[in-house]
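Written below as structure tokens is the structure these notes are about.
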Amino acid sequence: MSRPPSARLQRSLAAAGAVAAVAATSFVLPSSAADDPDLGVPGDALFSTAGRADDAATGPTTTPVTLVTGDTVLLTVAADGSPTVAVPGDVEVVTKRVGDDLYVYPTSVLDAVRDDRLDPELFNVTGLVAQGYGDTERDDLPLIVSGAVPASRAAGVTSTAELESIGATAVTVDKDGAGALLGRLLGTARSAGTAQKVWLDAMVPALDDPTSDLVTSTSVPAATALDPGTGVEQTGAPLAWDRGLTGAGVTVAVLDSGYDATHPDLEGRVVGTADFTGRGMTDSGGHGTHVASTIAGTGAADPSRVGMAPDADLLVGHVLNDTGGQLSWIVDGMEWAVESGADVVNMSLGSRDSSDCTDPLSLAAQELTTTSDTLFVVAAGNDGSARSTVASPACVEGVLTVAAVDADGATAPFSSRGATVGEHRVKPDVAAPGVQVVGAWATSPGGVRYRAMSGTSMASPHVAGAAAMVRQAHPGWTAAQVKAAITAGVKDERADGVYAQGAGELWVPGAVDAEVTTPSGVLLGAFDWPHGRDQRTTTSVTYTNGSDEDVRVSVAVADLLGADGGTVPSSLVQVDHRPVVVPAGGSVDVPVSVRPDLPLRDDAYGEIGARLVATVTDAAGSRSTVTTAVGAWVEPETVEVTFRVLDGLGEPATRGVLDVTDLHQPTRSYTPLTGTDQTLALRAGEHSVAALVRTDDADGAEWASISVPSAILDRDRTVVLDARDAVPVTVEADRPLDLTSGSLVAQRTWDDTWIVETAVRANGTTFAVAPTAAVRRGTFTQATFLRGLEPGTPEADSPYVYNLAFVEEGRVGTDQARTAHDADLATVTEHWYAQRDGWRAVEVAQVVPAQGGIVTVSGTGAINTPTTRTAYYSPDVPWRQSASSTTRMAETWTDPVRTYGAGEQRSTDWFKLPTSTALPADASGAPGRVAERQGTLVGFAFPHWQDTVDGRFGEAGFRDVGNVQVWVDGVYRGASAFPRAQLTVAPGSHEIRMLLTQLRWGRGDTWELGTGAMTTFRFVSDQPDGDEVAALPVAIPRYDADVDDHNRAPAEDGFPVAVELHGQDGYDPGAVVQMSAQFTFEKIDVRGSKAPSEYTWTDARVERRDGRWVVLVDNAGRSGETVSLHVSTTDEHGSAVDQYLIDLYAVG
């Protein structure tokens, strides 16, 4: 098998963001492409839009995110995944970090979150961007609302689906009106509704491993043995086929990414379809086709690759797109599958994180499982070997939850484990092959019809296919009986505990022949601390005999393990070994005793798992085995701790949050302060405790950070966190200083794995920090970030700004008096350029964390342009400055990370000669990639904006649009409606011509320059060796000129515009050996029917000056007009760039 294409090549090659598609006008598309503006596939071409911007391989990505409150924050994610966020100056927030997930809660919604009326995921800004809900990708926010949706007179609220199974409505809300609608939903505004809860209509991913292998299809005779890579033979399915059990007459619904209707293995198998994504049934990602073929593939393309139940009928519901599926699509699909008469529903999908089963997907699964006779087979999740990581809806008691094993029966390292969160039930229920499983592949690129994939996504359809065979064998059975048969009839060989594999590995003959069954995943009890003899209990496990003769059943306990995976006393779970007779068609209860008072290792407490292995003997003496997974929750030593949080006046705190984290097995309580004591039941041991407290009095407001990073809580007690113990943070500077905004951040890490963080960002308050003792293990960091301006001057007009960072490691000291003398700081002179009459830009300076470092929460600041401002920075701290030209869904410009020395002086320009089409950059400012090739796969992705500063680039705003067209060896290959694309080419070298169009679609009142670029790249692409990912010979022009602070040039002849070629990472264009240029003052209509080349252009003089190419433009007599430029270059390697720049500068 060949190595899969690199993940980097398959996703966006630059931090370009997903922007709107360009309309099909002749300006952006030639007539040959206008008939199909999105995709051209002559020959073996395969275009697809590239992956998400936050997957980019180079540099940080910065994305504006509008919350459900209507507040817009600016999220920056470094290449290592570390997030930082900037918040509007007038918005007060507290933040919570869990790993790389960053939650930003405006303090105005803390009560609604605490009261479970608002889904916390609405404020997970990293999650919102990862799901495509950032402002560069969409201008609305999808929600699910339970209860009544207000009869809205407000525009921008659209109902998309009625989800009857959970009594909820899916809606989209225009971000511009989100804040007002939220008030109506929560009953805080006139005409309010009675919504019970508002969820994010979150994207749910498919549960496959991100890497996969292409598998070459071979021509083989029908008698050829099964390919072991399919996993089908491993389940014993062929033994059931020999008995005529192939799923005939059974309907299985596949809720996934659609399917390839042309794939031979699925032809004739699909009897009904429904699309819930709005994209039709085409499976652009291949996941749904792979899953469907494992269930019911006929092997028409390769008889060695038959699916589990090749005669089953398939219903295909398209609920996932390339990045996942919205909750509402999936719930709607589940309801459709039941209404369409599906006997079995396969769901190779699930939530990104473990769930307590109170989310919409779980609620729907539970309701439909209870009210229908449809069996839902669900992938457990791919969150790995940590405890309690089962996803939603796999956590639901009634569904059949499937773990993944490899070809040897070992649990896959990615497969999620139980127990379930909150109720501690046994999950998963069963395991099946899920590692490098060969299945059908959609669209068959290059003639390849199969692909090997890994994930619990691949395990689940094996079980769904088995369920179809069991249903065929026993047409009168209920869904619960089918589930019980599958778990009872697992393989006798057991490779792991019940919280990894449930009852065990799937064995189809055992499931088909299972006449004696038990419920799956029996919870024997949940036992609170302290444990005594009075907790000893007996729970009955019911054995049901579906045969027509009595059987004798002998039960033994096996695989009894503690929460840490080690053995525990055998007397903890016991069963009477004496045989019992289960009558024909009857049931017998077998008592199972639990003794939770037995002493255990500290780490063994928690979920206790075991299997009941029953030997069944019939009248003829034939024996079979029935396996039942059982579990119990034996609570670790627990203490009751009361937290009393006092504000700066000594009164019970009513504003702020309390954050308590168990450092043993990380569990976290993050709750708003209400003015009352909070009593928590906590595992005895070390905890991290932090509180953020706001105090308001006649002198103003103060936020205090109070931390106990190594709190040993080993007995019942009261912990007092008193804001009066916090020391005010003061700053002495060389000039008057008004500390207008700032943030306090407390971070705790331990075991080289876990990161939790609590922060507040506020405007117009003072800050204080309480001293702490040193941490006992791991790290503790307390940071204070402050922004200072000239007192009495509006922020946007302040002639100077101080960006200050004070960080303490290990402990917090008692001295919080800080100094900020100019000689000890770095000084940066900032020149801010404007257009027309100027604008109010938005700017932020943030400290960038090292990998795993502390998250910075900063405030955005306004600045009126044009202006020159002096910025002072704390030295020896990595800073990154970002800016936007406006506040709503604008483009976002990101500077490289810069660490200044004390006394260092620099200068920089912002928004000088903004132009479309740029190179991305990494954190250091080094160029990233925009065009690559691996084997026969070629990919492109371009950021939208650049100005004159090297290493700075701008990601597209919502109305910045673009597309790509490609010709290979003179043959048109197609168009992508985005400024990024992929295609396959034949092996060997090719001449490629790529036309990139990027436009500002709607300029606003202030933006008149850099309105578009149309760039043609011509180069020869040689095939890289082996699996090498090679940069294509592509370079980007960058321009500079001596314009004034409104980007205006003098009205005179011979105005010089410097042009340089900048190569992408991995390509040095060398010298420019040819350059020609033209200019025009005609107003080019980017929305019109006229291509740029059809306007009147004047040849410009081109010459070399001081080692640079310079274009000389005649601006004489052109005051009040704008100049567009046409530049053609050829570098020393023969690669050519031809670029039309629309409205490069104005003439004053």
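What follows is calculated from the coordinates using simple rules that are stated; it is not laboratory data. Values in this document were obtained by computation on a predicted structure and should not be read as measured data. Quick reminder, even Gly has a Cβ in these numbers, built from the backbone with ideal geometry, and neighbours come from all protein chains shown.
For the chain, what does -39500 (n - 2.57) per DSSP helix run (n ≥ 4), summed and divided by total residues, give at 222 nm, in deg cm²/dmol to the nearest 500?
Values: 13 runs with 104 residues, N = 1148.
That calculation yields -2500 deg cm²/dmol at 222 nm.
Normalised by the residues of the chain, what does the relative contact order come to in percent, with Cα pairs under 8 Å and at least six apart?
Computed over the chain, the figure is 10 percent.
Less than 30 Å apart at the alpha-carbon level, and either on another chain or at least 8 residues along: which lysines does that give for K96?
K175, K197, K427
Convex hull over the alpha-carbon atoms of segment 218-473: what's its volume per residue in Å³?
Expressed per residue, the convex hull around the Cα atoms of segment 218-473 is 110 Å³.
Take the Cα atoms of the chain, find their three principal axes, and give me the spread along each one in whole Å, biggest first.
108, 79, 55
Taking the Cα centre of each part, how many Å lie between segment 928-986 and segment 1058-1091?
Measuring centre to centre over Cα atoms gives 16 Å.
Round to a whole angstrom and tell me the spacing of the C-alpha centers of segment 701-731 and segment 755-812.
So the separation of the two Cα centres works out to 16 Å.
Determine one quarter of the surface area of the Cα convex hull of segment 1005-1109, which equals its mean projected area, and express it in nm² to one decimal.
Projected area, direction-averaged: 10.1 nm².
Need the list of lysines near K912 for cross-linking: C-alpha distance under 26 angstrom, and skip anything on the same chain fewer than eight residues off.
K1083
List every residue whose amide H lies under 5 Å from the amide H of E1121, counting only residues 5 or more places away in sequence or on a different chain, with H placed 1.01 Å from N in the peptide plane.
It is V1147, by chain and number.
Around P509, what is the net charge, scoring Lys/Arg as +1 and Asp/Glu as -1 over all other residues with Cβ under 15 Å from its Cβ?
-4
Below 12 angstrom from the Cβ of H990, what's the summed charge of the other residues (Lys, Arg +1; Asp, Glu -1)?
Values: positive: R933, R973, R993, R1018; negative: D969, E991, D1022.
Net local charge, H990 excluded: +1.
With the radius of gyration and the Kirkwood radius both derived from the Cα set of segment 61-201, what is their ratio Rg to Rh?
Values: Rg = 14.7 Å, Rh = 15.3 Å.
For segment 61-201, the value is 0.96.
Of T172, V232, A484, which is farthest along the charge dipole of the chain in the positive direction, counting Lys and Arg as +1 and Asp and Glu as -1 at C-beta?
Farthest along the dipole direction, towards plus: A484.
So what's the gap between the Cα centers of segment 287-328 and segment 476-514, to the nearest angstrom?
Cα centroid of segment 287-328 versus Cα centroid of segment 476-514: 22 Å apart.
Per residue, how much space in cubic angstrom lies within the convex hull of the C-alpha atoms of segment 744-799?
Working: hull volume 6.2 nm³, N = 56.
It comes to 110 Å³ per residue, whole-number rounded.
Would you mind giving the average projected area, over all directions, of the Cα convex hull of segment 530-632 in nm² with one decimal?
Average projection, Cα convex hull of segment 530-632: 6.7 nm².
Would you mind checking which residues have amide H under 5 Å from A195's amide H? H placed 1.01 Å from N; only 5 or more apart, or other chain.
Under 5 Å from the amide H of A195 lie the amide H atoms of A148, each far enough along the sequence or on another chain.
Just tell me which aspartates and glutamates come within less than 16 Å, Cα to Cα, of K491; anything on the same chain fewer than 8 places away is out.
E233, D406, D408, D429, E505, D513, E515, D559
V551: net charge of surrounding residues, Cβ under 11 Å, Lys/Arg +1, Asp/Glu -1, itself excluded? Don't jump to the answer; show the numbers that get you there.
Details: positive: R552, R623; negative: E515, D548, E549, D550, D618.
Charge balance in the 11 Å sphere: -3.
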